[in-house]
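*Asks:* A single structure is presented below for examination.
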Amino acid sequence: MSGWQVLKLVWNTVNLSTVMGAVVGVIGRARFSRGPRGLFYANGYRLGFPVASAFTIGNVIVSKHDRAYFDERPVLVKHEERHSWQYFCLFGLPMLPLYVLAVAWSFLRTGCPASRNPFERLASLTDGNYDEKPVRPLGQILSQTFRRN
């Protein structure tokens, strides 16, 4: 690991985001193993939320898949690692409500939780296996939302 990766591992542990990732993995009855560059895998996650092939909390990448899934997808691991840097920059757990707001904004604008989500865009939509959806006019979205049937 580089010095920056060690610093991220330590800071994401101190700011409790990696601890929260471990707790989520335990609750989801995942199996833990060390990943590359100071990351940890929590594979075999059994809860249905969130609906994603993988998600990251701190330095923990949580997935319903087994470890081979990541061994075969190094680009996805890099995408998830970028999220771990976002936890580092946002002092850990504040990332969670900010991410939820970003998902809501993206869904409102595009119907997709990732297309206009700045966290997903900074982590690379294509590396995360997302297709970019077009932005819908806000007036159209609001009128559809509040229209009486």
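*Asks:* Identify all residues within the range 125-145 that are more than 18 Å from the chain's Cα centre (by Cα) and closer than 30 Å to VAL75 by Cα; write none if there are none. Give the steps one after another, and end with the answer.
*Replies:* Just the residues of the range 125-145 that are more than 18 Å from the chain's Cα centre (by Cα), to begin with: 133-145.
Passing the criteria: LYS133, PRO134, VAL135, ARG136.
*Asks:* Is it true that ALA104 is more than 18 Å from GLY25 (Cβ to Cβ) and crowded, with 16+ Cβ neighbours inside 10 Å? Working first, answer last.
*Replies:* Details: more than 18 Å from GLY25 (Cβ to Cβ): yes; crowded, with 16+ Cβ neighbours inside 10 Å: no.
Here the answer is no, as ALA104 does not meet what is asked.
*Asks:* Out of the range 84-108, which residues are in a helix (DSSP H, G or I), touching a helix residue (DSSP H, G or I) at 6+ places or on another chain (Cβ under 7 Å) and of a type outside the set (Ser, Thr, Tyr)? Let's see the steps before the verdict.
*Replies:* At the first step, the residues of the range 84-108 found to be in a helix (DSSP H, G or I) are 84-89, 95-108.
Subsequent filtering for residues that are touching a helix residue (DSSP H, G or I) at 6+ places or on another chain (Cβ under 7 Å) retains 84-88, 95, 99, 102, 108.
TRP85, GLN86, PHE88, MET95, ALA102, LEU108, listed by residue number.
*Asks:* Oh, and also: Condition first: surrounded by fewer than 16 Cβ atoms within 10 Å (Cβ to Cβ), in a loop (DSSP other than H, G, I, E, B) and not acidic (Asp, Glu). Now tell me which residues in the range 109-132 satisfy that. First the steps, then the outcome.
*Replies:* Narrowing the range 109-132 to residues surrounded by fewer than 16 Cβ atoms within 10 Å (Cβ to Cβ): 111, 118, 122, 124, 126, 129, 131-132.
Filter again for in a loop (DSSP other than H, G, I, E, B), leaving 111, 124, 126, 129, 131-132.
Scanning the range 109-132 gives GLY111, SER124, THR126, ASN129.
*Asks:* Under 6 Å between Cβ atoms, which residue pairs at least 6 apart in sequence (or on different chains) link something in the range 14-36 that is in contact (Cβ under 8 Å) with a residue 24 or more places away in the chain and farther than 19 Å from CYS89 by Cα with a partner that is of a type in the set (A, V, I, L, M) and in a loop (DSSP other than H, G, I, E, B)?
*Replies:* If the second residue must be of a type in the set (A, V, I, L, M) and in a loop (DSSP other than H, G, I, E, B), the pairs left are GLY28/LEU47.
*Asks:* Inspect all residues belonging to the range 7-26 and state whether any of them is modelled with pLDDT under 95, in contact with a Phe, Trp or Tyr (Cβ under 7 Å, 6 or more places away or on another chain) and part of a helix (DSSP H, G or I). Break it down into steps so the answer makes sense when it comes.
*Replies:* We begin by selecting, within the range 7-26, every residue modelled with pLDDT under 95; these are none.
The answer is no, given that none of the residues of the range 7-26 is modelled with pLDDT under 95, in contact with a Phe, Trp or Tyr (Cβ under 7 Å, 6 or more places away or on another chain) and part of a helix (DSSP H, G or I).
*Asks:* Quick one: SER53 ticks every box in (1) of a type in the set (S, T, N, Q); (2) under 28 Å from ASP131 (Cβ atoms); (3) in contact with a helix residue (DSSP H, G or I) (Cβ under 7 Å, 6 or more places away or on another chain); (4) not in a helix (DSSP H, G or I) bar one, so which box is it?
*Replies:* The number of the failed condition is (3).
*Asks:* All but one of (1) closer than 22 Å to ILE61 by Cβ; (2) exposed (fewer than 14 other Cβ atoms within 10 Å of the Cβ); (3) at pLDDT below 95 hold for PRO94, so report the exception by its number.
*Replies:* (3)
*Asks:* With the requirement that a residue be in contact with a Leu (Cβ under 8 Å, 6 or more places away or on another chain) and assigned to a loop (DSSP other than H, G, I, E, B), what does the range 59-82 give you? Don't jump to the end; show me each part of the working.
*Replies:* Residues of the range 59-82 that are in contact with a Leu (Cβ under 8 Å, 6 or more places away or on another chain), as a first pass: 59-61, 70, 77, 80-82.
Selection gives ASN59 alone.
*Asks:* Select from the range 3-30 the residues that are within 23 Å of PRO74 (Cα to Cα) and touching a Lys or Arg at 6+ places or on another chain (Cβ under 8 Å) and list them in ascending order.
*Replies:* Listed by number, the residues that qualify are GLN5, ALA30.
*Asks:* Which one of these does LYS8 not meet: (1) in contact (Cβ under 8 Å) with a residue 60 or more places away in the chain; (2) closer than 20 Å to GLY92 by Cα; (3) touching a strand residue (DSSP E or B) at 6+ places or on another chain (Cβ under 8 Å)?
*Replies:* Evaluating LYS8 over (1) in contact (Cβ under 8 Å) with a residue 60 or more places away in the chain; (2) closer than 20 Å to GLY92 by Cα; (3) touching a strand residue (DSSP E or B) at 6+ places or on another chain (Cβ under 8 Å) leaves (3) as the failure.
The values are calculated or read from the model by the stated rules, or taken from the named source; none is laboratory data. Owing to the predicted nature of the structure, the values given are computational and were not obtained by experimental measurement. Every residue, glycine among them, receives a Cβ derived from its backbone with ideal geometry; neighbour counts consider all protein chains shown.
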